[in-house]
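Taken together, the values in this text are just the output of simple stated rules run on the coordinates, not laboratory data. Keep in mind that this is a model prediction, so the values were computed, not measured. Cβ placement follows ideal geometry from the backbone for every residue including glycine, while neighbour counts extend to all protein chains displayed.
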Ligand SMILES: [Zn+2]
């Protein structure tokens, strides 16, 4: 068999593996959140607050969509015309056109071109979130965060590109196999190290101070059978008034993080309700599920790139001889942008199902649907969420059930509907 045949077979096997893992780990059954309860919950929210949240999102929408459209357009122009290849050549020229310089510096130049073009739209969105009091960041703080994420992206992206093109360079016929294994391994590695290496670049994490709340949360985790070494508090109040909590990491790096804003804005019972939701993610291994699906997706993406690489018309558009050469970085980014757009709704759907399951876990663990509902109302109010967003936008982008869906799920739970 030729390498190409092996690649096709591996692609098929990985697709089956992805389908099996998704079938086994995604909670396809969703607990009821009847529309009648949603409408009733919406009617009980203060009308002025709902109107303000909708104005906020209406103001953000043009900048958000223009940003997405521009990013896609830039990726397509850089990838489907020879402009991307020229930029990569330019970056490698001072280094004797060495492939490594082209891979790392060329990659940075191509990404930076896209980032700079969309920067004004990001700045516009920042003025809106500041005006509505969600962000309290000055331009200095905003710029510092931006530079930090560029730096993190440059290091991680640079390493990934250097590794990828080292493999295509060393194994021109079999790079897809090493690349797929490497990409999957990288996703797993990042799940372990991001919480301890990257997250601290943006926030300070401290153990929740001793007190009745900490004691209660640790006891809640113990009662739930989820070993939690500590609950960490992030100093989110430096940049936002929004509240949040999340679980990240795997094994020894697993942690539950609550924003300090949550501790000051919500009642202790509500913090317990949120933490119970996060314990649900830990107990159901949702980070592991995400990592596994991500690793399979990354491996599939590398093999798909290899297979796309035999499409002569595509290579001709990009002005490259092979998809495995650094000059094809623009083309890689264009393919990634299109793949991201197409897979986004599917990813959002899986995320919403996993979040709804964690909500059910919180309701079952606390047995307190009234506090759960109060917490959802507070989350929505503080974060200026549209409690009942437009359907198509919800289907395209929403990672969580809507506020009214979560309130309705609590009402159904209280009636014994599971
Ligand atoms: Zn969650």
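What's the FRET efficiency of residue 322 with residue 399 using the Cβ-Cβ distance as r and R₀ = 60 Å, to the nearest 0.05?
Given R0 = 60 Å and the Cβ-Cβ separation, E is 0.95.
For residue 4 and residue 383, what is the calculated FRET efficiency with R₀ set at 56 Å and r taken between the beta-carbons, to the nearest 0.05?
Here the calculated transfer efficiency is 0.70.
Between residue 418 and residue 223, what is the spin-label point distance in nm, taking each point 7 Å from the Cα along the Cα→C-beta axis?
Inter-label distance under the simple model: 1.7 nm.
Report the label-to-label distance for residue 39 and residue 311 in nanometres (one decimal), using points 7 Å from each Cα along the Cα→Cβ vector.
The answer from the label model is 4.6 nm.
Once the Cα atoms of helix 403-414 and of the chain are each reduced to a long axis, what angle between those two axes, in degrees from 0 to 90 to the nearest 10, is obtained?
Roughly 50 degrees between the two axes.
Could you give the distance between the Cα centres of the range 1-72 and the range 96-122, to the whole Å?
One Cα centre to the other: 29 Å.
Rounded to the nearest 0.05, what FRET efficiency do residue 22 and residue 283 give with R0 = 22 Å and r taken as the Cβ-Cβ distance? Could you check?
Here the calculated transfer efficiency is 0.65.
Can you give the Kirkwood hydrodynamic radius of the chain from its Cα pairs, in Å with one decimal?
It is 23.5 Å.
Taking square-rooted eigenvalues a ≥ b ≥ c of the alpha carbon gyration tensor, is the range 13-59 rounded, prolate or oblate, where a/c under 1.5 means rounded and, failing that, a/b exceeding b/c means prolate?
Oblate, since a/c reaches 1.5 and b/c is not below a/b.
How long is the gain from residue 341 to residue 122 if the chain were fully straight, where each residue apart is worth 0.36 nm and the alpha carbon distance is subtracted?
The residue 341-residue 122 span can extend by a further 76.9 nm.
Any idea what angle helix 212-224 forms with the longest principal axis of the chain, computed on alpha-carbon atoms, 0 to 90 degrees, nearest 10?
Here the helix axis deviates by roughly 70 degrees.
Using only Cα atoms and rounding to the nearest 10 degrees, what angle (0 to 90) does helix 139-170 make with the longest principal axis of the chain?
Value to nearest ten degrees: 50.
Based on the alpha-carbon gyration tensor of the range 143-265 and its eigenvalue square roots a ≥ b ≥ c, which shape applies: rounded if a/c is under 1.5, prolate if not and a/b is larger than b/c, or oblate?
oblate
Taking a ≥ b ≥ c as the square roots of the Cα gyration tensor eigenvalues, with a/c under 1.5 meaning rounded and otherwise prolate when a/b beats b/c, else oblate, which class fits the range 328-418?
Cα axes put the range 328-418 in the prolate bin.
How many angstrom lie between the C-alpha centres of the range 336-414 and the range 218-280?
17 Å
Among bridges DSSP assigns within the range 225-361, what percent are antiparallel (round to 5)?
Given both bridge residues lie in the range 225-361, the antiparallel proportion sits at roughly 50 percent.
Quick check: residue separation of residue 113 and residue 60 times 0.36 nm, minus the Cα distance between them. What number comes out in nm?
Gain in length upon complete extension: 16.7 nm.
Looking at the chain only, what percent of DSSP beta bridges run antiparallel? Nearest 5 please.
65 percent
For the chain, what is the calculated [θ] at 222 nm in deg cm²/dmol (nearest 500), taking -39500 (n - 2.57) for each run of four or more DSSP H residues and dividing by its residue count?
Rounded to the nearest 500, it is -23500 deg cm²/dmol.
Provide 265, 278, 270 in ascending order of the number of other Cβ atoms located within 10 Å of each residue's Cβ, fewest first.
265, 270, 278
Hey, fewest Cβ within 10 Å first, where do 139, 99, 6, 175 land in order?
The order, fewest Cβ neighbours first, is 139, 6, 99, 175.
For residue 216 and residue 148 in the same chain, what is the full-extension length gain: residue separation times 0.36 nm, less their Cα-Cα distance, in nm?
20.9 nm
Determine the relative contact order of the chain: mean sequence separation of Cα pairs under 8 Å and six or more apart, normalised by residue count, in whole percent.
Relative contact order for the chain comes out at 28 percent.
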